[in-house]
Amino acid sequence: MKITRLIFPILLLATGLTACAAPTAASGQSNAAATPTESAPAQDATRTLTICLAYEPESLYLYAARSQAARDVLQAIYDGPFDEVDGKTQPVILQSLPEVSYAQITAQAGMKVVDTSGQVVNLQAGTRVFPSGCRRAECVVAWDGTSTLQLDQPRATFRLLEGLTWSDGQSLTAADSAYSFTLASDPATPGDKTLVAQTATYRKLDASTLQWTGLPGLVTDAYTDYFWPPLPQHAWGSLSAAELLTADASARQPLGWGPYVLDEWKSGEYIRLIKNPYYFRAAEGLPKFDTLVFKITDSHGDTNLANLKFDRKPYAQFKYDLGDYQGEVDQNGCDLISGTVDMTDQFEVLHILLDYFSDPAVKVSAAPQGRAAWLLFNRREDANGDKALFDNLAMRQAAVACLERGELAETVFHNLVQVPNAFTFDGSGDAVNPNAALAPDPARGNALLQESGWQAGEPRTSAGVAGLPDGTPLSVNYLVENDEADLAAAQQVKASLTECGFQVNIIAAAPQVYWDKDAAESIFRGNWDLAQVSWTVPAGDPCPLVESASRLQAENQNAGLNFSGLVDARVDDLCRQWMETPLSADRQTLLTQMESILNQDMDIIPLYTYNNLLVSRDDSCAFQTSRQSELFGIESFDYGVDCLP
């Protein structure tokens, strides 16, 4: 962390910091009940929480907000309608989870139904459906076009809490959710229309009750997905769906029912919100702050640490002080750096701030969202039909035994990443079924290499290895994206493998080359023996990553993302079942079986998982995060003496 670079962003942001201290509302730009006067900075009279945001949201309109920054801000404007806590769905603005029932209908040819893959189709001979009472792949039928076919039609009833209001004081009713569904259904509204297409009707029954009816044949347990978050019809009803995409009322000043209401958005500088006086949880003392400021900084970790409030004096030897700008940060800096900021360039600094003294200067929390770094083995045959080096399980086992993943995490990332104990599609660091073979054991790795015909040396050379002349060096090409952190991790992997006698040639490809299917140094081409890939986790549908090309071709699907060229009939069969497995518990069973196979055969090796980091002042209370947003529960965020250990 170089102070010269730290001070520069402060100079750039000084105007923004001052603006946050004493904002001036632009004409027509405030929908709050009251605006602080210019002569009385909000911080002097009220409690303020300031959050550093790496970039500006593109929009705050619910159906146009796609970025993490937008979702973070919307956590303050809306609350729920459902939250996920410890993997369980909880109602927030509803009285309970939906009441579900089914009607049995007799299907007719040409009727619009949902097939086993979730697609809406017109029923005809050959259509694969879940007949009435069927919820799993083993009872699926392909309709013959003539037999009587009974299908279930699902129905869910949602009941809103009584007394909900919008942040302007107007009543929030079931009609607002029905209005939201109408907007979501409009062709002008962007986004996936699958849920809309699977819906037969969505209507209000009374002021607080809605009823959703799905198309016949739909099987799901995710009924909360079929509740459309209310939108304020009384305020937006005169605007078309197309106009709402850009209208200030929806895109820059949306009404909500959450803990805060938008007060002012000064482009490029900040988004300021104030406590919503009509918040339905206000009697609980929520939210904790009178003012919430999202300060627009940039994506660099050092810029954001320069804006973070913490005591720099004990770290004088590291030259972290901000000089004349310390006062600005003390008064108007950030209390929290959101996960939108890439903190990988500041791991060494965070290590010092966390561990140099017994009392850390900051707090670091991991968000559920992140990226997993996986090591892949090329399994493709070459142009002559010869098997790849790592098609041999013993060679994969040897390479993995030589890896010092814990050392990698400590040396490169100062233990601010997770080292998974097994491969999982969600990148979890603590899998339920650990893979003991991932533990470092160079002696075993060397023994496996020796048994496989690779004689000791620097590098090892072949002796009796099928398809290779004796004396061939154990040389492998290692493809990695030319990113500083990825490359540093690859160098550590290289060092581990070199200790076991591998000669490792790192190919650092620029991102635009790495992901270009036509480039020679692309992960798609297979001109490598080992490849390091960074993947967003959790991975929604695992099958494109592991199902074979032949299965994809048989299903008339485009080539997937099976970069290794893995072919495993067991995995293909599980993916075939996955396509017709709609219930989450059953999908988890398939996922566990798939992960078990991949771990047993050492097909994908988890190097580390980097979760988005939330960095905050040292007196922050513990954060509650969820997969919906790292700022889930923002109404309860707090700091002060009560939060100290």
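The values are calculated or read from the model by the stated rules, or taken from the named source; none is laboratory data. Treat the numbers as computed from the prediction; the structure is a model and nothing was measured. In this analysis, Cβ positions are derived from the backbone assuming ideal geometry, glycine residues included, and neighbour counts consider all displayed protein chains. Surface areas here come from the heavy atoms of the whole protein model, side chains and all, with no ligands, DNA or RNA. Shrake-Rupley method; radii C 1.70, N 1.55, O 1.52, S 1.80 Å.
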Collect the residues in the stretch 140-151 that are without any contact (Cβ under 8 Å) to a residue 40 or more places away in the chain and open to solvent by 50 Å² or more (accessible area, probe 1.4 Å), keeping them in residue-number order. Val141, Ala142, Asp144, Thr146, Ser147
Could you tell me which of the residues Leu591, Leu613, Leu607 is among the aliphatic types (A, V, I, L, M), surrounded by 16 or more Cβ atoms within 10 Å (Cβ to Cβ), in contact (Cβ under 8 Å) with a residue 12 or more places away in the chain and part of a helix (DSSP H, G or I)? Leu591
Can you tell me how many residues within the stretch 406-426 are closer than 23 Å to Asp601 by Cβ and in contact (Cβ under 8 Å) with a residue 60 or more places away in the chain? 9
I need the full set of residues from the stretch 81-136 which are under 28 Å from the mean Cα position of the chain (by Cα), open to solvent by 30 Å² or more (accessible area, probe 1.4 Å) and of a type in the set (Val, Ile, Thr), in order please. Thr89, Val120
Go through the stretch 346-405 and report how many residues are without any contact (Cβ under 8 Å) to a residue 40 or more places away in the chain and farther than 30 Å from Asp441 by Cα. 7
Does Gln503 satisfy the criteria of being open to solvent by 70 Å² or more (accessible area, probe 1.4 Å), under 30 Å from the mean Cα position of the chain (by Cα) and farther than 30 Å from Thr581 by Cβ? no
Taking Arg396 as the residue in question, decide whether it is of a type in the set (Lys, Arg) and buried (at least 21 other Cβ atoms within 10 Å of the Cβ). yes
Residues that are open to solvent by 30 Å² or more (accessible area, probe 1.4 Å): find the helices (runs of 4 or more DSSP H) completely inside the stretch 240-331 holding 2 or more of those. 241-244, 248-251
Sole miss for Val364 among (1) in contact with a Leu (Cβ under 9 Å, 6 or more places away or on another chain); (2) crowded, with 20+ Cβ neighbours inside 10 Å is condition (2)
Determine which member of the set Gln512, Gln503 is touching a residue at least 12 places away in the same chain (Cβ under 8 Å) and not basic (Lys, Arg). Gln503
(1) open to solvent by less than 30 Å² (accessible area, probe 1.4 Å); (2) over 15 Å from Arg396 (Cα atoms); (3) touching a helix residue (DSSP H, G or I) at 6+ places or on another chain (Cβ under 9 Å) all hold for Asp486 apart from (3)
